[in-house]
């Protein structure tokens, strides 16, 4: 899920000067954020009965991967 969010963020926020390698970095950052967000979502929403694939875990993975990739994509605009 995080990899797809990273690729979608590459397509949604366009820059006039695209640097090669940013798509790979966004995919990896989205995947990392999805893992961390999934763990946080399961811990927060399913504390008593943790299940690997739950709605809280999926929501946490989606929200954190969108947030991390958006912050990176928005912040790297000023660096290049």
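The values are calculated or read from the model by the stated rules, or taken from the named source; none is laboratory data. Source: prediction; values computed, not measured. For neighbour counting, all protein chains shown are included, and Cβ atoms are generated from backbone atoms with ideal geometry for every residue, glycine included.
General observations
- Condition check for residue 62 on (1) outside any helix (DSSP H, G or I); (2) at pLDDT 80 or above: one failure, at (1).
- When residues of the stretch 32-53 are limited to those that are modelled with pLDDT of 80 or more, within 19 Å of residue 3 (Cα to Cα) and surrounded by fewer than 18 Cβ atoms within 10 Å (Cβ to Cβ), the one nearest to the chain's Cα centre (by Cα): 32
- Pair list, Cβ < 8 Å and 6+ apart or interchain, from the stretch 36-48 residues that are without any contact (Cβ under 8 Å) to a residue 24 or more places away in the chain to residues that are assigned to a loop (DSSP other than H, G, I, E, B): 41/54; 42/50; 42/51; 42/52; 42/54; 43/50; 45/54; 46/54
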